[in-house]
Amino acid sequence: MSIIRSISGLRATLYDDVFDENIIYLYINSLLQLFPEGKFVIGRDGRPSGIAMQDFIAKIMTHYNREFVLIGLAPTPSVQLIVEEVGAICGISITASHNPEEWNGLKFINKEGVFFDARENQELWDIIDSQKFVSIPKEIYSIDISNLKIANDWAIDTHINKLLNLQEQNPIFNKNTKFNINIVKSKEFRVVVDAVNASGSIIIPQLLTELGCKVFKLNCEGNGEFTHKPEPLPENLTELAKAVVSMNADIGIAVDPDGDRLVIIDEHGHPIGEENSIVLAVWSYLNNHNNPENVKVVVNHSTTQNVENVAKMFNAKVERSPVGEINVVNKMKEIDAEIGGEGSGGIILRDFHLGRDAVSGIYLLMNFLAQNSVSLSTIINKLPKTHIKKVKIEFSQPIEDLLDKIKVLFKDEECIIDDGLKFIGQDYWIQIRKSNTEPIIRIISEGTDENHPTNLIDKVFSIIKHY
């Protein structure tokens, strides 16, 4: 297994000795060269391996007399937010997101609190690639960091309080929207939370408690020991679904290890689909906006068409970007969009922070439930019925020749080439793209006919199986 570096950062498995201290030192030392001055913020998603990585990075920073803030176990969105809050030059989130426990990685955040874009990543990679050999100074290993303060409580409180005080602190948000936290508190919702023992273990239950909810914790120990596969897909959330029913809860909430994806279970224990997290968030935002027809929304090309269906109810505009948080963020900046996200459960509320954040998604969701005074399943049943299917195939070869052959299969459909290939028919679409973070091809298809996605994906398989 080699190192996977992409616009989404750095990831690798730990068991094959590829992701060792030499790699960490190479990246952090290069980062210090890229930013010769300024403060850093460092957080981790809870994986046991992240503790040693955090400590080693702290020793490197100390050795080079660099100022840094350790926030410990915290969602990647918290790291992003604290970078802005303390005026840091860069943030480092130690995480492999939804990858299994044997993985870890580094995500890099610029001074604006958003992930490095293509240019910033390339500047870092150029420094890394220019170094033939890097030796770790022996002095680093003898540095004592036992007295370093970890500002975990402060970071989490800052994240939650900024969101709950958004209407008071942000004049534009206050003027344009009519969210009401007191209505949420009056409902006293019963919520089960599955944080897969990772970075959402503290912040998600604390936020929900602040919103007046009765919280039932599931896998919220914060020890990084995944009790199920960490990607918040329905097949991995059966324990949560059963708990929602047994606890007579109104809703179940799951987040991925670094807390930027939100997935929801309805009151009957049925997963509503990760795609519907952004649908409900957009619906909530437009429903609470004083001028929804002026709102612009950005989602990626892999996201359900129901975002457009909801936007049409309010005459709002939707535009699309390639997959990847920074791509959505850049598109939001370009067209001055107020809300955006991705069908994987990522929600971006611009007035709060330009980054995917389960915390802001929960804020939007609970407001929407409170204002509608109906169950989550009732709300979901109001959406147009579509069928979406997602598959992934191990594939480490160049993809260009494969995509050329697939084009022939869909020569009569509209073709978008922003991110792999996306073909759009009258009542269906299919996208084929290489992952930014894993050696796989992702294929996603959606249609109004339940057979459409499977039939379209089978057509693509007929080509891929020859590779």
Determine which residues of region 54-89 fall in the zone a paramagnetic label at I143 would reach in this model, i.e. backbone nitrogen under 13 Å from the point 7 Å along Cα→Cβ.
54-70
Compare the peptides 419-427, 205-213, 163-171 by average per-residue count of other Cβ atoms within 10 angstrom and give them in order, highest first.
205-213, 419-427, 163-171
Tell me, what is the percent relative contact order of the chain, built from C-alpha pairs under 8 Å that lie six or more residues apart?
12
Listed pairs K217/K382; K382/K422; K132/K390; K242/K434 exceeding 32 Å between Cα atoms
K132/K390; K242/K434
Report the full-extension gain for the segment S375 to K132: residue separation times 0.36 nm, less the Cα-Cα distance, to one decimal in nm.
81.5 nm
From the phi of every residue in region 310-327, what ³J(HN,Hα) in whole Hz does the Karplus formula 6.51 cos²θ - 1.76 cosθ + 1.60 yield, where θ is phi - 60° and glycine or proline is x?
5, 4, 4, 5, 10, 6, 8, 10, 10, 10, 10, 9, x, 5, x, 3, 5, 5
For a label point 7 Å along the Cα-to-beta-carbon line of I416, residues of region 286-310 with backbone N under 18 Å
296-310
Summarise the long-distance tail of P(r) for region 165-380 by giving the % of C-alpha pairs beyond 21 Å.
50
Taking a ≥ b ≥ c as the square roots of the eigenvalues of the Cα gyration tensor, with a/c under 1.5 meaning rounded and otherwise prolate when a/b exceeds b/c and oblate if not, region 53-107 is oblate
At a Cα cut-off below 16 Å, give the aspartates and glutamates reachable from K385, other chains included and same-chain residues fewer than 8 away excluded.
E274, E275, E308, D427, E446, D449, E450
How much FRET efficiency would the formula 1/(1 + (r/R0)^6) give for K465 and Q122, where r is the Cβ-Cβ distance and R0 is 25 Å, rounded to 0.05?
0.10
Label model pair N315, T238: point-to-point distance (7 angstrom along the Cα→beta-carbon line) in nm is 4.9
Full-extension gain in nm, E112 to N291, via 0.36 nm per residue minus C-alpha separation:
61.7 nm
Cut-off under 29 Å on the C-alpha distance; same-chain residues fewer than 8 positions from K138 excluded. Which lysines are left, in chain and number order?
K39, K59, K107, K149
Kirkwood-Stokes translational diffusion coefficient of region 4-155, alpha-carbon pairs, 37 °C, 0.692 mPa s, µm²/s:
213
Peptide ranges 315-323, 390-398 listed from the most packed, as the mean C-beta count within 10 angstrom indicates:
315-323, 390-398
For n ≥ 4 DSSP H runs only, could you compute -39500 (n - 2.57) per run for the chain, divide by its residues and tell me the 222 nm figure to the nearest 500?
-11500 deg cm²/dmol
Along region 274-289, what does the Karplus equation 6.51 cos²θ - 1.76 cosθ + 1.60 (θ = phi - 60°) give for ³J(HN,Hα), rounded to whole Hz, x for Gly and Pro?
4, 4, 7, 5, 6, 4, 5, 5, 5, 4, 4, 5, 5, 5, 9, 8
In µm²/s, what is D for region 202-323 at 20 °C and 1.002 mPa s, where D = kT/(6 pi eta Rh) by Stokes-Einstein and Rh is the Kirkwood radius from Cα pairs?
134
Efficiency of FRET from Cβ geometry, D157 and S186, R₀ 22 Å, rounded to 0.05
0.40
Please work out the C-alpha center-to-center distance from region 246-321 to region 1-63 and express it in whole Å.
33
Can you compute the modelled spin-label distance between D458 and I3, with each label point 7 Å from Cα toward Cβ, in nm?
4.4
By a straight-distance test (C-alpha under 16 Å), which lysines pair with K296 as possible cross-link partners, with residues fewer than eight away in the same chain excluded?
K312, K317, K331, K333
Would you mind checking which residues have amide H under 5 Å from V297's amide H? H placed 1.01 Å from N; only 5 or more apart, or other chain.
K317, V318, E319
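Values in this text are rule-based calculations from the coordinates and carry no lab data. Since we're looking at a predicted model, the values are computed, not measured. A quick note on method: Cβ atoms are made from the backbone with ideal geometry, for glycine too, and the neighbour counts reach across all protein chains shown.
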